[in-house]
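One structure is given here, and the rest of the page talks about it.
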Amino acid sequence: MANSDATPNFGGRTSVRLVVLGDEGTGKSSLIATVAAESFPENVPSLLPPTRLPLDYFPDRVPLTIIDTSSSPENRSKLAAECRLADAVVLTYGCDQPATLDRLSTFWLPELRRLQVKVPIIVVGCKLDLRDDNQQVNLEQAMVPIMQQFLEIETCMECSSLNQIQVPEVFYYAQKAVLHPTAPLFDQETQILKPRCVSALKRIFILCDHDRDGALSDGELNDFQVRCFNAPLQPAEIVGVKRVVQEKSPEGFNEHGLTLTGFLFLHAMFIEKGRLETTWTMLRKFGYDNDLKLRDDLIPLNFKRAPDQSVELTNEAVEFLKAIFFMFDIDGDGVLRPAELDDLFSTAPSSPWAEGPYIDAVKKNAFGGLSLAGFLSEWALMTLLDPASSLANLIYLGFAGDPASAFHITRRRRLDCKRQQSQRNVFQCYLFGPKKAGKSALLNSFIGKPFTGTYSETTYERFAANILDHLMDKPKETLILREIPEDGVKNLLSNNESLAACDIAVFAYDSSDENSWRKAMDLLVDVASHGENTGFGVPCLIVPTKDDLDPSPMALQHSTRVSQDMGIEAPITVSVKLGDLNNVFHRIISAAQHPHLSIPETEAGRNRKQYRRHVNCSLMVVSVGAAVAIVGLAAYRVYSTRKNASDLGITVSHQTASGSDL
């Protein structure tokens, strides 16, 4: 399942830098000079300058630069600097000096760890021709304990520069360790494929299983071979693959062909036998980089948009996700259990929703299961916050369409205000309020979490997303609540574009606490002023919470008057404890859909508007006066001309003026 004629692709790497180090007298410089000259030089300097091998020296055709080093104490700092720049390290010992072999584990390998050099290490015994016949050493017996202790050792070998024994191989394997690294694929300690490697191989297997029968037929195997290695599999090769898999892994083949188990077994076997280039060639053909993530060039990392534009999934992407949901809902109960969700994301490097801000952001059942609405809400949230990650995970799940067909950039909110209607399907609501105002309780109720009554201060931004069935049988919209801690408001508003992504702002306060209202009003004024100053004004709603408690009459009266004065909707009272939410979430959506309404106007804003109106009126008066003066001047000039003509006895007819009598 390999062919050396495949187009080279090394995860974007265009050169390799090797550093050769070891005790003095172990043959470092001779090793480098011999590979460069392809013969053993008689006179070798004690320290060579950087040596570059010709581009075609090795089949991979990647430029290779070799750095010689001195191990003398006065050069330690330079050696450390070179090691930190290395892509791989060739660590030498002298076959004629057993003490230098011991120094690998007592000094050099610990020193590389101390310097935090995390690159492949090739251990090389030089001067094989000078080894004492009476002190023969079994390389495997000598190196296995060291390699078990230092897993960063990629391989070990012995060579002779004088006799031209395995000299090119030293640098070939060192370069290979960089271009086709073991560490991302295989756990040397447990001797199994790493989880991220398994995820990548599983995705490739599924993409190649065109008939979705859980196995690769002979035809699918051949298509896979052509795609990855530019050459078909011969019938004898297919028979050989089947025989090897059936002998070592009986579950690797069934009546339909090579199963996922067999596919994984083959690649583990390739890696164990040192044929990493086979697995890496396949991974890179399917778009993976050296970290086993999709390459950046496959995923637009910069979705160009104005600050007041957002990113949403298209209908094509949503339909794809619906199909994926039902495919992995094995028991058909309309809910993805945690195990089913893990299986769904098993072709991705990791689950994108395993941590904040997604882990607790949508409605789940008592067993942690996600409904279709919750599933799509998570995707809407991820697309809004991190469209590049959303696209990457769509591709990991098998989305094969044009990336541009998966996303829609919304119309600018400023234009929505002018058109007096939003076209968005996903609305982001910033939830402001002082401490103990009930913000978290309101957010939790939105995603079906029960009311607890215990207070826990929110110190970081939290998100909640849910799909609402809108009134009047209109399409469903997704609402995303973003809880802003009171202590985080100042930092948020320090950015002039901080409200650009906000479709609507809600200000919650404890209706039983007048002081809570005063703090909420201050936040409202701050946000409204910020919007007026930056041009990103947003619709605002006031939500008095805890309506089950005795209300503060002053707070209620004041909030009502403030909403009237600022030109926004009347306050919407709610009680999360009693479950009386007064249709607040639908009302938030409705206000966001009409972005020209409920934009608060501060006193300073009104004064500025009146001033501008006054200036405009003044300019109009000046303009009218100027126009009258110009008309008067023109009339005077006409009168003056006619008077002069009359005094001279000249009569000018239209015909004469036109020149018709000439």
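Only one entry in S29, S77, S46 is in contact with a strand residue (DSSP E or B) (Cβ under 6 Å, 6 or more places away or on another chain) and free of Cβ contacts under 8 Å to residues at least 40 places away in the same chain, namely S29. Looking only at residues in the stretch 541-568 that are closer than 20 Å to L597 by Cα and surrounded by fewer than 17 Cβ atoms within 10 Å (Cβ to Cβ), the one that is nearest to the chain's Cα centre (by Cα) is G567. Among the criteria (1) of a type outside the set (D, E); (2) modelled with pLDDT under 95; (3) over 29 Å from F328 (Cα atoms), the one F399 does not fulfil is (3). Does S199 satisfy the condition of being farther than 20 Å from K285 by Cβ and among the hydroxyl-bearing types (S, T, Y)? No; evaluated as a whole, the condition is false for this residue. Count of the stretch 316-333 residues, restricted to those that are loosely packed, with under 13 Cβ neighbours inside 10 Å and in a loop (DSSP other than H, G, I, E, B), is 4.
On the given criteria, is T347 in contact (Cβ under 8 Å) with a residue 12 or more places away in the chain and over 21 Å from F427 (Cα atoms)? Spell out the reasoning first.
Details: in contact (Cβ under 8 Å) with a residue 12 or more places away in the chain: yes; over 21 Å from F427 (Cα atoms): yes.
Judged against the criteria, T347 is a match.
Residue under question is P307, and the condition is that it be touching a strand residue (DSSP E or B) at 6+ places or on another chain (Cβ under 7 Å), on the phi < 0 side of the Ramachandran plot, not assigned by TED's automatic domain parsing to the domain that holds Y173 and not in a helix (DSSP H, G or I); does it hold? Spelling it out, it is not the case that P307 is touching a strand residue (DSSP E or B) at 6+ places or on another chain (Cβ under 7 Å), on the phi < 0 side of the Ramachandran plot, not assigned by TED's automatic domain parsing to the domain that holds Y173 and not in a helix (DSSP H, G or I).
Screening E247, E312 for residues that are over 23 Å from the mean Cα position of the chain (by Cα) and not β-branched (V, I, T) leaves exactly one candidate, E247. Scanning the stretch 221-234 finds no residues that are buried (at least 19 other Cβ atoms within 10 Å of the Cβ), within 15 Å of T182 (Cα to Cα) and among the hydrophobic types (A, V, I, L, M, F, W, C). Among the residues of the stretch 593-602, at least one is charged (D, E, K, R), at pLDDT below 95 and either assigned to a loop (DSSP other than H, G, I, E, B) or not assigned by TED's automatic domain parsing to the domain that holds Q423 (or both).
For the stretch 334-358, the set of residues classified as buried (at least 17 other Cβ atoms within 10 Å of the Cβ) and more than 23 Å from the chain's Cα centre (by Cα) consists of V335, L336, R337, E340, listed by residue number. Of all residues in the stretch 167-195, those that are in contact (Cβ under 8 Å) with a residue 40 or more places away in the chain and farther than 21 Å from S346 by Cα have Cβ atoms under 7 Å from Cβ atoms of residues that are outside any helix (DSSP H, G or I) and among the polar types (S, T, N, Q), 6 or more apart or on another chain, in V167/S161; Y173/T155; P181/N290. Among the residues of the stretch 359-373, are any over 20 Å from N315 (Cβ atoms), surrounded by 22 or more Cβ atoms within 10 Å (Cβ to Cβ) and over 28 Å from the mean Cα position of the chain (by Cα)? Scanning the stretch 359-373, I find no residue that is over 20 Å from N315 (Cβ atoms), surrounded by 22 or more Cβ atoms within 10 Å (Cβ to Cβ) and over 28 Å from the mean Cα position of the chain (by Cα), so the answer is no.
Examine the stretch 196-215 for a residue that is free of Cβ contacts under 8 Å to residues at least 12 places away in the same chain and buried (at least 16 other Cβ atoms within 10 Å of the Cβ), and state whether such a residue exists. Looking for residues that are free of Cβ contacts under 8 Å to residues at least 12 places away in the same chain and buried (at least 16 other Cβ atoms within 10 Å of the Cβ), one finds at least one in the stretch 196-215, hence yes. Within the stretch 374-389, restricting attention to residues that are at pLDDT 95 or above and small (G, A, S), the residue that is farthest from the chain's Cα centre (by Cα) is G374. Of everything listed in (1) touching a residue at least 12 places away in the same chain (Cβ under 8 Å); (2) over 30 Å from I467 (Cα atoms); (3) not charged (D, E, K, R), the single unmet condition for A317 is (2). Could you check the stretch 154-188 and list, in sequence order, the residues that are farther than 19 Å from F270 by Cβ and either polar (S, T, N, Q) or part of a loop (DSSP other than H, G, I, E, B) (or both)? Result: C159, S160, S161, L162, N163, Q164, Q166.
Restricting the search to the stretch 524-540, which residues are in a loop (DSSP other than H, G, I, E, B) and buried (at least 21 other Cβ atoms within 10 Å of the Cβ)? Let's see the steps before the verdict.
Let us first name the residues in the stretch 524-540 that are in a loop (DSSP other than H, G, I, E, B), namely 535-539.
Across the stretch 524-540, the qualifying residues are G537, V538, P539.
The values are calculated or read from the model by the stated rules, or taken from the named source; none is laboratory data. Worth saying up front: this structure is predicted, and the values here are computed from it rather than measured. Because the Cβ atoms are built from the backbone with ideal geometry, glycine has one as well, and the counts that use them run over all protein chains shown.
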